[in-house]
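No value in this document is a laboratory result; all are computed from the given coordinates. Since this is a predicted model, take the numbers as computed values, not measurements. Reconstructed Cβ throughout: ideal geometry from the backbone, glycine too, with neighbour counts over all protein chains shown.
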Amino acid sequence: MNKYEVMFIINPELGEEEIKALSDKFKAMLEEAGSVENFAEWGKRRLAYPIQDLTEGYYVLATFEAAPEFPAELERVFKITDGILRYLVTKREG
């Protein structure tokens, strides 16, 4: 099991319920793959640069432990999920 951190940005133009559903979907996916240390919904924040003509995004940051092959699967699901603007999965030391 390796330690990872993931941040993803959800399109804020989705309704509150859709944002919550996406957030819960990925939280459940992380819990199923290993153990979640922290799952923080930062809420709406201004983007550093426009993405798809949007200037704000709904940020979520999570730290978790999972098998080494899981991040590739997580990234695959991010790519095919409508409403995800950006994501970044990184391996943590220690």
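Between 0 and 90 degrees, the angle of helix 16-33 with respect to the longest Cα principal axis of the chain falls at about 10 degrees.
The helix-based estimate of mean residue ellipticity at 222 nm for the chain, built from -39,500 (n - 2.57) per DSSP H run of four or more residues and divided by its residue count, is -10000 deg cm²/dmol to the nearest 500. Modelled spin-label separation between Glu41 and Thr55, with each label point placed 7 Å from Cα along the Cα-to-Cβ direction: 2.5 nm.
Its relative contact order, with pairs defined as Cα atoms under 8 Å and 6+ residues apart, puts the chain at 48 percent. Percent of Cα pairs in the chain per distance bin of 10 Å, from zero to the largest separation: 16, 52, 27, 5.
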